[in-house]
Amino acid sequence: MDAVITAITTVFHPVNILMMSAGVVIGTIFGAVPGLTATLAIALLSPLSFNMDPIPALLLLLSIYAGGMYGGAITAITIHTPGAPANAATMIDGYALTQQGRGGVAIGISCVAGAIGGIISCIIMILFSPLLAKFALMFSPPEYFAVAIFGLTAVFAVSGKSLTKGAYAMLFGLLISTVGYDPILPLPRFHFGSLSLSKGIPFLPAVIGFFAFAEVFRLITEHNPMEDEKEVIKVGRITPSWEEIKSTFKVTYRSGIIGTLIGILPGAGGTIAAYVSYADAKSSANHPELMGKGSLEGVAAPESGNNAVSGGAMIPMLTLGIPGDSVTAVLLGALVVQGIQPGPLLFKEHIDIVYPVFAGMILSNLIMIPLGLLMVKPVSLIATIKRPFLISFLLVFGVIGAYTGANSLFDVGVAIVFGVIGFLMERYEFPTAPTVLALILGPLVENSLRQSLIISDGSPLIFLTRPISAIFLGLTILVVSLIVFRWRKKVPAEMDN
Amino acid sequence: MGKPLYTMGVIIMKPEFWAGLTGVILSVIVWYVSGNFPVFEVQSAGPALFPRLVALIICLLALVLIFQSLKRAEDKNTKISRENLSQLLAVLITLVLYYFAIDLVGYFVSTFLFSGVIILIVQKSYGKKTFGFILLNSTLICTGIFLVFRILLKISLPSGILF
């Protein structure tokens, strides 16, 4: 109880309130501008957070996560351009409402519903994380190996159109993760004489390359003059009335739970949560006949669902140290650099950080409501930012973000190289999410594999004789089989067409 | 005689072919280099195990990709226009030069020049920008970075021979 009270007083410290507010603002802006994402914002700002105390740093990054999803809804509703794929479902009813002159209310509802969805997922996270952490204390290397492989497989299986390309991207990430010191012996590998490479490929600069620089290269090569002429539409009243909010409660809380459960699954992110929530709302809404034609419930459901993913995705990341998507992978990287190792021991060794972070996640969703409503008009203007400025901004901030982590120009070089790789991967439909996850999970996968073989004196049967490990490996095979089966059904149908 | 050469020309233009070839080459390099790693007590858990295991699977997938590129007809046009390609290369070269210039002339001078040059390169696609716009862009960026990084966060940035 003392820890809870301390956590609450900690988050209400002025510096932490400022960090959460700044995070919500930054996340909203990055979420709103097409081409920018909350993941990118977290990647760019994570190196800055190294110079800060852990709690304000984490509250800043987590608040960006909260604001990012909402930001994308603003442009989805006003200019028919989702800030992120997860906001595409919001666009259906949101833009219809804009055309009816009610765009402002739609944005207001998306803000409130998003906050409620985020809070629901935080509550579920707070209730279940300690329980899962206790369960995870029974984990040993074989279980960690099996869970990590399941997580990686699930991510590449749902990323992109080709199973082969997804697996290839994932394995590429695992291979890169072997550069640097061996996790068991003091032996540098694949460094080719370079002292910088002997420390391994730095994760955050690689992510900055994948997200910031690759996006710049894409903006340059896929320039469409039509995209430049987005005008800002007048939105009218933004603050929703109590009746309007009440009318969306049912779909909001249902979607909050749906989004949280989807967030727990590796690879299943905001986009899936938004669409599943929207589909559920079509049947459970108070006025299903209005869905698709300009319904506030059609805005509330996907926004609650996609915001709720944040809390769900944090559960496996915090309790097992296994991120389920790119955002939590980057957050994991930021935590590790702060000296905080996620996993079951987190709740024993860093409870003084965990509880304030939990409280902060709830508070940042609450802060998002007034700030989000105030930011609608400025963000709508920022979202129409001229592309040349956006390109130069991304390049400059990408360079400085890569540099400040270790004050190393080598890291900037890594970001540039990974920018080229990331651009080529996206262009030729090799998904980058599995590579990012594999890069951060690679050391865990290798370490747990080798430790398991040491324990079993070289016998791989250890993964089958331990029940939890066997279950997760079985689930991995099941996921791959389902995807292959679905792919085999699809290919003959396409050939018939 | 002409048709197989043309077909081969189509195949080697496919990204899957090059991705596969890269994977095969990478796997061979990893396999060779890891052969020099020391032997471990439990040999199956040595430093070469994981890289070799991953390299082996990558090599198999790479061969699958190469095979797929042989089988499948070219399905969509992923060509980049000549203008966009030249802009992309120009931005990339400028970025590399910027990387070297940071240490040489200092962060702020190189950033000021870099952000201006980038606008000059991309303005062909996005409309000509005035000198005032370019100057404002560079000034805003450098001022923002100076205030946030140097003053607020007290992070030192490379100074080089100039500022």
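The values are calculated or read from the model by the stated rules, or taken from the named source; none is laboratory data. Source: prediction; values computed, not measured. We place every Cβ from the backbone using ideal geometry, glycine too, and count neighbours over all the protein chains shown.
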Subject >> So A:G312, is it surrounded by 23 or more Cβ atoms within 10 Å (Cβ to Cβ), modelled with pLDDT of 85 or more, within 30 Å of A:T75 (Cβ to Cβ) and touching a Leu at 6+ places or on another chain (Cβ under 9 Å) >> reply: yes
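Please specify each residue of the range A:418-432 satisfying the condition of being at the interface with chain B (Cβ under 10 Å from one of its Cβ atoms), assigned to a helix (DSSP H, G or I) and touching a residue at least 24 places away in the same chain (Cβ under 8 Å).
Filtering the range A:418-432 for residues at the interface with chain B (Cβ under 10 Å from one of its Cβ atoms) gives A:419-420, A:423-425, A:427-430.
This time we only want the ones that are assigned to a helix (DSSP H, G or I), so: A:419-420, A:423-425, A:427.
A:G419, A:V420, A:F423, A:M425, A:R427 - these are the residues of the range A:418-432 that are at the interface with chain B (Cβ under 10 Å from one of its Cβ atoms), assigned to a helix (DSSP H, G or I) and touching a residue at least 24 places away in the same chain (Cβ under 8 Å).
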Going through (1) within 22 Å of B:K154 (Cβ to Cβ); (2) touching a Pro at 6+ places or on another chain (Cβ under 6 Å) one by one, A:A7 fails only at (1)
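When you check A:P34 against the structure, is it part of a loop (DSSP other than H, G, I, E, B) and within 30 Å of A:S380 (Cβ to Cβ), yes or no?
Details: part of a loop (DSSP other than H, G, I, E, B): yes; within 30 Å of A:S380 (Cβ to Cβ): yes.
Yes; evaluated as a whole, the condition is true for this residue.
Residues are listed down the side, and each one gets a yes or a no for (1) modelled with pLDDT of 90 or more; (2) more than 8 Å from every other protein chain (Cβ to nearest Cβ); (3) more than 25 Å from the chain's Cα centre (by Cα):
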{"residue": "A:L152", "(1), (2), (3)": "no, yes, no"}
{"residue": "A:S159", "(1), (2), (3)": "no, yes, no"}
{"residue": "A:K165", "(1), (2), (3)": "yes, no, no"}
{"residue": "A:F172", "(1), (2), (3)": "yes, no, no"}
{"residue": "A:G180", "(1), (2), (3)": "yes, yes, yes"}
{"residue": "A:P186", "(1), (2), (3)": "no, yes, yes"}
{"residue": "A:R189", "(1), (2), (3)": "yes, no, yes"}
{"residue": "A:G193", "(1), (2), (3)": "no, yes, yes"}
{"residue": "A:E215", "(1), (2), (3)": "no, yes, no"}
Here the qualifying pairs (Cβ atoms under 9 Å; residues six or more apart or on different chains; first in the range A:167-192 and under 15 Å from B:W31 (Cα atoms) and free of Cβ contacts under 8 Å to residues at least 60 places away in the same chain; second buried (at least 19 other Cβ atoms within 10 Å of the Cβ) and among the basic types (K, R)) come out as A:V179/A:R189
The condition from (1) more than 27 Å from A:G200 (Cβ to Cβ); (2) within 14 Å of chain B (Cβ to nearest Cβ); (3) under 23 Å from the mean Cα position of the chain (by Cα) that A:M361 misses is numbered (2)
Subset of the range A:422-456, residues among the acidic types (D, E) and modelled with pLDDT under 90, comes to A:E426, A:E429
Flagged pairs (Cβ under 7 angstrom, 6 or more apart or on separate chains; first in the range A:394-410, more than 9 Å from chain B (Cβ to nearest Cβ) and under 17 Å from B:V96 (Cβ atoms); second hydroxyl-bearing (S, T, Y) and part of a helix (DSSP H, G or I)) are A:F410/A:S196
Out of (1) among the hydrophobic types (A, V, I, L, M, F, W, C); (2) at pLDDT below 85; (3) surrounded by fewer than 24 Cβ atoms within 10 Å (Cβ to Cβ), the one A:A84 does not meet is (3)
Here the residues within the range A:17-47 that are surrounded by 24 or more Cβ atoms within 10 Å (Cβ to Cβ) and at pLDDT 90 or above are A:M19, A:M20, A:G23, A:V24, A:G27, A:T28
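Take the conditions crowded, with 23+ Cβ neighbours inside 10 Å and aliphatic (A, V, I, L, M) and apply them to A:I92. Does it pass? Working first, answer last.
Values: crowded, with 23+ Cβ neighbours inside 10 Å: no; aliphatic (A, V, I, L, M): yes.
No; evaluated as a whole, the condition is false for this residue.
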Going through the range A:118-173 in order, the residues found to be of a type in the set (F, W, Y), surrounded by fewer than 24 Cβ atoms within 10 Å (Cβ to Cβ) and more than 27 Å from A:T465 (Cβ to Cβ) are A:F128
Of those in the range A:433-467 that are in contact (Cβ under 8 Å) with a residue 12 or more places away in the chain, more than 25 Å from the chain's Cα centre (by Cα) and within 8 Å of chain B (Cβ to nearest Cβ), the residue surrounded by the fewest Cβ atoms within 10 Å (Cβ to Cβ) is A:Q451
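Surrounded by 11 or more Cβ atoms within 10 Å (Cβ to Cβ), more than 12 Å from chain A (Cβ to nearest Cβ) and either modelled with pLDDT under 80 or part of a helix (DSSP H, G or I) (or both), is that true of B:L136?
Working: surrounded by 11 or more Cβ atoms within 10 Å (Cβ to Cβ): yes; more than 12 Å from chain A (Cβ to nearest Cβ): no; either modelled with pLDDT under 80 or part of a helix (DSSP H, G or I) (or both): yes.
No: the conditions fail for B:L136.
Within the range A:379-388, does at least one residue satisfy the condition of being within 10 Å of another protein chain (Cβ to nearest Cβ), assigned to a helix (DSSP H, G or I), over 22 Å from the mean Cα position of the chain (by Cα) and modelled with pLDDT under 90?
Going residue by residue through the range A:379-388, those that are within 10 Å of another protein chain (Cβ to nearest Cβ) are A:386-388.
After this cut, where a residue has to be assigned to a helix (DSSP H, G or I) as well, the list is A:387-388.
Next, from what is left, pick out any that are over 22 Å from the mean Cα position of the chain (by Cα): A:387-388.
Then keep just the ones that are modelled with pLDDT under 90; that gives A:387-388.
Yes, the conditions are met somewhere in the range A:379-388.
Quick one: would you say A:A308 is out of contact with any Gly (no Cβ under 6 Å at 6 or more places or on another chain) and in contact (Cβ under 8 Å) with a residue 24 or more places away in the chain? First the steps, then the outcome.
Working: out of contact with any Gly (no Cβ under 6 Å at 6 or more places or on another chain): no; in contact (Cβ under 8 Å) with a residue 24 or more places away in the chain: yes.
Spelling it out, it is not the case that A:A308 is out of contact with any Gly (no Cβ under 6 Å at 6 or more places or on another chain) and in contact (Cβ under 8 Å) with a residue 24 or more places away in the chain.
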